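Novice: First the structure, which I've put down as structure tokens, then a few questions once you've had a look.
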Amino acid sequence: MARTETPRRIRGTQDIFGDEQRRFAHVLSTFERVRALYCFQRIDIPVFESTAVFARSLGETTDVVSKEMYTFEDRGGDSLTLRPEFTAGIARAYLTEGWQQFAPLKITTSGPVFRYERPQKGRFRQFHQIDAEVIGAAEPAADVELLVLADQLLRELGIADGVTLQLNTLGDAETREAWRAALVAHFEAHRGELSEDSLTRLEKNPMRILDSKDPKDRPIADSAPDIDAYLTPEARAFFDAVTAGLDAAGVAWERNARLVRGLDYYRHTAFEFVTDRLGSQGTVLAGGRYDGLIGSLGGPETAGVGWAAGVERLAMLLDEPPAAGIDAVVVPMGTAAEARATGIVADLRRAGVAVEMAYKGKMKARMAKADALGARFAIILGDDELAKGVGAVKALATGTQTEVAFADLAEALR
């Protein structure tokens, strides 16, 4: 009979276990704790959407839409796409679920996102993000609150050292139009020196040339006009209010006039928290204000600002979190003790005590398991203990042992 080949894990995916899983879980639990301090509500949205949601929100010409999306036709003939990011799906939900009545809406979510790209360190085809958004607040205070939330999250994860908040303004629609025209004129004058990619961007998305990684483009991008000369008084006042808010909250930042977002619905604040601890892939959290997004999806003009961060990226920066300790391991010796231990373990767990059962091997091996699991106590049950209605409770750190009545075990272990 032919041997069946063992299935393989799909390239660019991961199975998360052990230390890696502990880091991952620590990022998520810290995010949940911090978002509650800022009174953000948790939401969950579908993993896939109509392809049009992403094509319209991310723009047909972006790399994500043109090269990286997992798009498929379902049995009904509809074109669906696995979400490559959260904001577009959140904006769609805001419109279709009637969440306008709750504006300004402060929400967070987390989960897997999907991009078909070349897997490399810290990058996967199915990866995970945390995401925070404020929808329906046009005030700079919303930008400040999100940035302070991000800063506190990085601090509470213990990874704020060596991470810098880079900040820029993209101005309002009038600013952006004037700056865009100046950029096009500048790049047209250097057309012959630009890379192929940048020539394509010049037609469709000229701002993206500013963050080109191609060495050929850098001198031209670096000599391009800054946005500051084109800021309207309103746009300048908005940016000043954001930076003043960050200063008041004690959040350090630095200006990066080359930090851009190519899509037209981005306005005002753009930001990235960057580090050199991940090699060239230095961004750990990024976002900006997208006042034009919901309008581009067919809804009323609605202010919005948000950020996302890769869970894997944040987890890579963490010190190794300790394994979750357990309170006790029950060690039953003999058939009668095993039967009685099942009830004792169930009662202890219901009383909020973390307990494992060691029911295989010789006594020495079982005690070694209790040590390996990091348990504080071992509860030994044999015929003698059953006859007396007690467990022999051994403190594994000191080796001291006492007899405790079954009814009092939970209290003793606390």
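The values are calculated or read from the model by the stated rules, or taken from the named source; none is laboratory data. As the structure is a computational prediction, the values presented were derived from the model and not from experiment. All Cβ positions, even for glycine, are placed from backbone atoms using ideal geometry, and neighbour counts span all protein chains on display.
Novice: List, please: which pairs have Cβ atoms under 7 Å, are six or more places apart or on different chains, and start with a residue in the stretch 339-367 that is free of Cβ contacts under 8 Å to residues at least 24 places away in the same chain and assigned by TED's automatic domain parsing to the domain that holds Lys394 and end with one that is surrounded by 13 or more Cβ atoms within 10 Å (Cβ to Cβ) and not in a loop (DSSP other than H, G, I, E, B)?
Specialist: Hits for this filter: Val345/Val330; Val345/Val355; Val345/Met357; Arg349/Val355.
Listed here are the residues, each with its yes/no results for (1) assigned to a helix (DSSP H, G or I); (2) modelled with pLDDT of 95 or more; (3) under 28 Å from Leu147 (Cα atoms); (4) of a type outside the set (Ser, Thr, Tyr).
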{"residue": "Arg75", "(1), (2), (3), (4)": "no, yes, no, yes"}
{"residue": "Pro84", "(1), (2), (3), (4)": "no, no, yes, yes"}
{"residue": "Tyr94", "(1), (2), (3), (4)": "yes, yes, yes, no"}
{"residue": "Lys106", "(1), (2), (3), (4)": "no, yes, yes, yes"}
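Novice: Inside the stretch 325-414, counting only strands (runs of 3 or more DSSP E) that do not spill past its ends, which hold 2 or more residues that are closer than 30 Å to Asp19 by Cβ?
Specialist: Numbers: elements: 328-332, 355-357, 377-381, 390-395, 401-405.
Here the list reads 328-332, 355-357, 377-381, 390-395.
Novice: Separate question: Scan Glu385, Glu301, Glu403 and give me the residue that is under 30 Å from Thr87 (Cβ atoms) and either without any contact (Cβ under 8 Å) to a residue 60 or more places away in the chain or not assigned by TED's automatic domain parsing to the domain that holds Thr30 (or both). So that I can check it myself, show each step before the final result.
Specialist: Numbers: Glu385 fails: under 30 Å from Thr87 (Cβ atoms); Glu403 fails: under 30 Å from Thr87 (Cβ atoms).
Exactly one residue qualifies, and that residue is Glu301.
Novice: Is the stretch 214-222 home to any residue that is under 29 Å from Leu297 (Cβ atoms), β-branched (Val, Ile, Thr) and not assigned by TED's automatic domain parsing to the domain that holds Asp151? Quick ask: steps written out before the conclusion?
Specialist: Filtering the stretch 214-222 down to residues under 29 Å from Leu297 (Cβ atoms) leaves none.
No; the residues of the stretch 214-222 include none that is under 29 Å from Leu297 (Cβ atoms), β-branched (Val, Ile, Thr) and not assigned by TED's automatic domain parsing to the domain that holds Asp151.
Novice: Do the conditions hold for Arg201, that is, is it within 30 Å of the chain's Cα centre (by Cα), part of a helix (DSSP H, G or I) and farther than 22 Å from Leu149 by Cα?
Specialist: Yes.
Novice: Scan the stretch 22-45 residue by residue and report those that are loosely packed, with under 13 Cβ neighbours inside 10 Å and in contact with a helix residue (DSSP H, G or I) (Cβ under 9 Å, 6 or more places away or on another chain).
Specialist: Answer for the stretch 22-45, where residues must be loosely packed, with under 13 Cβ neighbours inside 10 Å and in contact with a helix residue (DSSP H, G or I) (Cβ under 9 Å, 6 or more places away or on another chain): Arg33, Leu37, Gln41, Arg42.
Novice: Based on what the data block shows, is Val390 under 21 Å from Ala346 (Cα atoms) and touching a helix residue (DSSP H, G or I) at 6+ places or on another chain (Cβ under 6 Å)? Even if it seems obvious, please write down each step before you answer.
Specialist: Numbers: under 21 Å from Ala346 (Cα atoms): yes; touching a helix residue (DSSP H, G or I) at 6+ places or on another chain (Cβ under 6 Å): no.
So Val390 does not fit the description; no.
Novice: Okay, moving on. Counting only residues that are among the small types (Gly, Ala, Ser) and more than 15 Å from Leu263 (Cβ to Cβ), which one in the stretch 173-211 is surrounded by the fewest Cβ atoms within 10 Å (Cβ to Cβ)?
Specialist: Filtering the stretch 173-211 down to residues among the small types (Gly, Ala, Ser) leaves 173, 178, 181-182, 185, 189, 192, 195, 198.
Those still in the list that are more than 15 Å from Leu263 (Cβ to Cβ) too: 178, 181-182, 185, 189, 192, 195, 198.
Numbers: Ala178: 16, Ala181: 12, Ala182: 17, Ala185: 12, Ala189: 10, Gly192: 6, Ser195: 16, Ser198: 23.
Among those that are among the small types (Gly, Ala, Ser) and more than 15 Å from Leu263 (Cβ to Cβ), it is Gly192.
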